[in-house]
Structures are given as C-alpha cells and as structure tokens.
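In what follows, a structure is listed as structure tokens, so that the remarks can point back to it.
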Amino acid sequence: IEYVPDYSDPTLPAGTDTCMRSGTLERLRELVVDIFINLASDVIHKRGPMQPGWEAQLSSRYQVMWRSFLKYLTKRYEDRGQYLADLTRPRKPEYDEKWGHLDPLIKEGKRAEWMEQYLRTKRHLLVKVGIVRQEALRTPEELKEFVWLKTSGHSEEAAHETKPVLCDSLPHHSSDLQFLPESATRYAQLIVVGVPLKLYNHYFGPYHTAFAELGVHPIAQPNSVVFSKLNIGKGTTVNYLDSRLKLHGEVYHDRFRGMVNLATSVALGDNPNTADRDLALIPNLPFVSVERAAQRSARHELLDATWPRSDAASSHPSSTGLPVDDRAIPNIHFTGNEEDGCAMFLTEFMDRLEAEHNRLLGAGRVCSLPQVFGPTVVAAAEYVRLAQEARHASKL
C-alpha cells in the first residue's frame with residue numbers, strides 16, 4: 001500500500017492538502033488548552049454548568065479520566081502542603097522558585113484556587129496526559145520504526161529487520177501517534193477529550209470565529225471535540241477514492257483514486273448531523289444512520305419548529321447550514337441503536353445479499369452486485385428499523 005504523507009496531489013488546485021501545518025497546530029493547541037482549562041476551572045470550583053453530577057453526561061471511560069485527573073491535582077496540592085509544613089525537609093530552591101507564588105493559596109486553605117492556578121501554570125500537562133491529542137503524519141519509515149519500538153520494546157537495530165511485516169498493521173492507535181518526535185510539519189487532527197456534547201456550545205461556541213480564522217473545523221462528539229482542516233472530513237477520503245482524474249482526455253488511476261465504486265458501497269455512522277455529516281451527504285452513497293433515536297427526534301423537533309418541512313426538504317443541508325433532516329435525504333436510511341443497530345444491519349444485509357445471490361444462481365442467472373447492492377441496503381435497513389421499533393414497543 002502506498003503511503004502519501006500529506007495527501008496532496010500536484011495535479012490538483014493549491015490548497016488540497018488535507019492536513020494542518022505545524023504553525024496552525026501550535027496556535028490551535030494553545031487556544032484549545034485555554035478553553036479546556038476554563039472548563040476544568042468550572043469543574044474544580046463547581047460553578048456554572050459544572051454542578052455535581054455533570055460527569056454523568058460522559059461515558060464511563062471519560063468519567064474515570066476526570067476522576068483520575070482531579071485526584072492528581074489534589075495530590076499535587078497535598079504534597080506541596082506537606083512540603084511547606086515540614087520544616088525539617090531539605091529545601092528545593094528550583095522547586096520553590098517555580099511554585100512558590102502559589103504557596104499563599106495553600107496557607108489560606110484555598111484548594112480550588114491553587115488547583116486552578118497550578119493547571120494554568122502547567123499548561124503542557126494536558127498534552128502530556130493525553131487530554132489534548134495531536135495526530136501527526138510521518139513517513140512510512142518513521143512510522144514503522146516508531147510503532148515497532150513502542151509496542152515491542154525492541155532495540156532500534158531489531159526494528160530494521162521487521163519493517164516489512166509492520167506494513168500490515170499500520171497505523172496504530174492515535175493515542176500512540178502524539179508521542180512521535182516534534183519534527184512533523186503535517187497534522188491530521190487535534191482532539192480534546194472529556195468534553196460532554198451538551199456543553200460544547202457553552203465552552204467552544206464563542207471561539208468559532210477564531211477557529212475559522214485558523215482554517216480549522218471543530219466537530220463536537222459525545223465525549224470529545226475533534227479539529228481538522230476546514231472542509232476536510234470523513235467524506236473527503238470517499239470522494240477521493242471515488243473520483244476519476246483526467247489528463248489529455250484520458251481517465252487513469254492515480255494512487256488510490258478511482259478504486260472505490262459507490263454503487264457497491266455503504267457507509268454507517270451514528271452522527272449524521274456533525275461528525276458524519278459530509279459522509280452522509282454524498283448523494284450516491286447509501287448511509288445507514290445508527291444514531292440514537294432520542295437525539296434524532298430532538299433534531300427533528302428543532303427542524304419542525306424552526307423551518308417549514310418543505311424548506312428543509314428542498315434545501316440541501318450542506319449548502320444552507322441547516323441541521324440534517326434525514327427524513328428528506330433519500331440516501332440516508334435510519335436504523336438507530338448505535339453499535340447494536342450496526343450489528344443488526346450488517347447481519348441482515350449480508351444474509352439478504354447471500355440469499356439473493358443464491359436465488360439468481362439457482363435460476364441460472366448471474367448476480368450483478370451493482371444491481372442488487374443498493375436495494376438490499378434499503379431493504380435491510382428498513383427491516384432493522386421496524387424490528388427495533390417493535391422491540392421497543394413491546395417493552396412499553
């Protein structure tokens with residue numbers, strides 16, 4: 001598989017690079033760290049929307065993250081307090097010079113104020129512990145060597161002997177990539193975790209203009225916010241794979257261009273209004289939405305109360321900026337129920353596809369996949385939707 005570090009193409013117009021430059025990433029990172037520290041300060045002081053119980057909006061994994069993070073700050077506060085109280089302990093001039101300005105807060109018992117100021121002073125902590133994550137692109141050789149060394153603990157010499165084998169397993173988890181050397185000039189995205197979806201507008205909304213000026217686009221997700229280059233999303237890859245490049249009137253395959261046929265493709269996602277928006281709005285690609293029913297209903301209520309149904313149906317969401325009304329977009333098929341809905345759809349879809357293949361084969365006919373693929377997607381999605389509605393009704 002060919003690896004293209006910046007996904008740019010010399011035959012395409014300028015600006016088609018899908019990644020952020022290091023300068024943009026650094027400015028974005030500083031802004032995101034500021035925003036998260038403001039959020040964390042509200043958590044520490046239990047003010048604003050961060051009242052006791054707020055963390056229930058997050059998944060269990062990120063609830064644990066917040067408990068561990070606050071426990072760490074508390075321990076740092078207590079350790080410093082013990083250091084100041086024990087006059088028999090040897091003094092550490094560098095330590096005192098760095099944190100001495102916060103000591104009055106300890107003496108006054110202002111735990112929350114100390115924790116907030118400690119966090120503002122030690123901004124890099126958020127990157128070190130992985131709350132703010134930056135995903136960097138590297139050359140194939142750098143990636144292969146790094147992943148081998150990090151996952152196996154082997155020496156650099158041993159890594160050179162295993163590089164061909166590692167091709168099949170790249171890239172590894174994004175959380176590993178943030179620890180790569182700082183020599184990169186391209187970054188695919190920046191992620192900040194532990195942010196509830198319902199609180200996105202409160203903390204990040206006021207900075208939309210600043211994000212646009214940086215040329216980046218924030219996407220709010222249930223437990224995080226993802227930043228990527230403006231107008232770059234999940235659909236970018238699909239459009240590239242489906243596209244055809246013409247030179248001198250002839251169509252040819254360039255890298256992976258033209259390797260995907262949308263007539264035999266299906267996309268699945270749980271957030272067609274934000275994270276999966278550009279993927280869901282590719283007209284010729286069936287999109288199976290496994291979005292939570294409650295989230296979908298809330299968006300429909302907003303649409304119906306704010307815009308007439310006829311306007312929503314006749315206006316394309318990608319150009320108008322309207323919330324996505326999947327009821328009016330022919331290629332979106334709703335099943336709901338997130339992971340369970342996804343599993344049910346895939347099982348039903350493959351069973352139906354196999355049955356149609358066997359039926360045509362038994363009749364002495366050839367099964368043309370492009371002809372049966374789309375209708376099978378629609379039928380399977382509708383079956384799963386009705387099955388889940390019936391199951392839900394039986395529990396009422």
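The values are calculated or read from the model by the stated rules, or taken from the named source; none is laboratory data. All of these numbers come straight from a predicted model, not from anything done at the bench. All Cβ positions, glycine included, derive from the backbone under ideal geometry; neighbour counts span all protein chains shown. For accessibility, only protein heavy atoms count, side chains too; no ligands or nucleic acids. Shrake-Rupley method; radii C 1.70, N 1.55, O 1.52, S 1.80 Å.
Can you tell me the FRET efficiency between Asp79 and Gln51 if r is taken as the Cβ-Cβ distance and R0 is 22 Å, rounded to the nearest 0.05? Result of the calculation: an efficiency of 0.20.
First measure r as the distance between the Cβ atoms of Asp351 and Arg120, then evaluate 1/(1 + (r/R0)^6) with R0 = 56 Å and state the FRET efficiency to the nearest 0.05. Walk me through the numbers before you get to the answer.
Values: r = 56 Å, r/R0 = 1.01.
According to the calculation, E is roughly 0.50.
Hey, with R₀ at 45 Å, roughly what FRET efficiency would Val129 and Ser297 work out to, going by the Cβ-Cβ distance, to 0.05?
That gives a FRET efficiency of 0.75.
Arg359 contributes about 130 Å² of solvent-accessible surface, heavy atoms of the protein only, 1.4 Å probe. Remark: the Leu70-Arg111 segment gains 13.6 nm on full extension, using 0.36 nm per residue and subtracting the alpha carbon distance.
Which value, in nm² and rounded to one decimal, describes the direction-averaged projected area of the C-alpha convex hull of the stretch 83-130?
4.0
Would you kindly state how much longer the chain becomes between Ser243 and Asp17 on full extension, computed as 0.36 nm times their sequence separation minus their alpha carbon distance, in nm to one decimal? Mind showing how you got there, number by number?
Values: separation 226, 0.36 × 226 = 81.36 nm, distance 1.62 nm.
Extra length from Ser243 to Asp17 when fully extended: 79.7 nm.
A simple spin-label model places the labels of Val378 and Asn284 1.7 nm from each other, with each point 7 Å out along Cα-to-Cβ. Structure shown: which of Lys198/Lys395; Lys71/Lys198; Lys234/Lys395 lie over 26 Å apart, alpha-carbon to alpha-carbon? Correct reply: Lys198/Lys395; Lys234/Lys395. In this rough spin-label picture, where each label sits 7 Å from Cα along the Cβ direction, the Ala390-Ala363 distance is 2.5 nm.
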